[in-house]
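Asks: Pasting a structure here, questions to come.
Laboratory data are not the source of any read-out in this text; all were calculated from the coordinates shown. Predicted model, so just to flag it, every value in this text is computed and none were measured. Note: ideal-geometry Cβ built from the backbone for every residue, glycine included; neighbour counts use all protein chains shown.
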Amino acid sequence: MKKLLLSLMVLATLASCGKDNKVSSGSTSLVNVSNPLVTSNPYAQELVTRINNPAAGFGEGLIYSSASSNQTCGTKWGFINYCYGSSGSTSTTTGLTWNALAAQRPTVVYQYSTGRTVRHSDVSIATKQAELIALLNSASNIQVAGTLYYIQVSGAYYVIDTRYPIQANPSAVSNGYQTEYFYQAI
């Protein structure tokens, strides 16, 4: 009986090793957003929630073929050109979301209009989260259009597009010296 009791105590001790008895919500808490422009805007708060949970908040946009004819295109702030596939069209989508593409090919490379490239697997999510939260804390203007968040900070304009994985964001930037936008995945 003593051996059984001792064995159960050892098993209970081993089972509790490494546990901190905390319940995890599945998302990490980042630096608080203190900018009143963000805290008073429910759409900006939605972006904060997406940043805090990037697996669910980013990358669910469908990948459209470049030969698509059913697209609506627009320009924002004179430098951001984005096109959206029209709903009801079956010929414009590849059937993959950006997250599905990244899961199939973790080394997919995002190419920007300036020729800069970023390999998906090389981007630290925690670093990217901190970068995007810092942008929100510095924002002087935030506008939302569907999946696009247009953020103005002192001397620069940024776009966070939640259709793309967090690793590809910000998907566009213009700082007065250079304009760059996400161009393609290679």
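Asks: Full-extension gain between Glu131 and Tyr43, please, as 0.36 nm times their residue separation minus the C-alpha to C-alpha distance.
Replies: Going from the current span to full extension adds 29.8 nm.
Asks: Now, a different point. Mind checking the full-extension length gain between Tyr177 and Ser124? Use 0.36 nm per residue of separation minus the Cα-Cα distance, one decimal, nm.
Replies: Here the segment from Tyr177 to Ser124 would lengthen by 16.4 nm.
Asks: So, by mean Cβ neighbours within 10 angstrom, what's the order for 161-172, 38-49 with the highest one leading?
Replies: The packing order, highest mean first, is 161-172, 38-49.
Asks: Dividing the convex hull volume of the alpha carbon atoms of segment 107-186 by its residue count, what do you get in Å³ per residue?
Replies: Enclosed volume per residue, from the Cα hull, is 86 Å³.
Asks: Compare the peptides 51-61, 176-186 by average per-residue count of other Cβ atoms within 10 angstrom and give them in order, highest first.
Replies: Highest mean packing first, the order is 51-61, 176-186.
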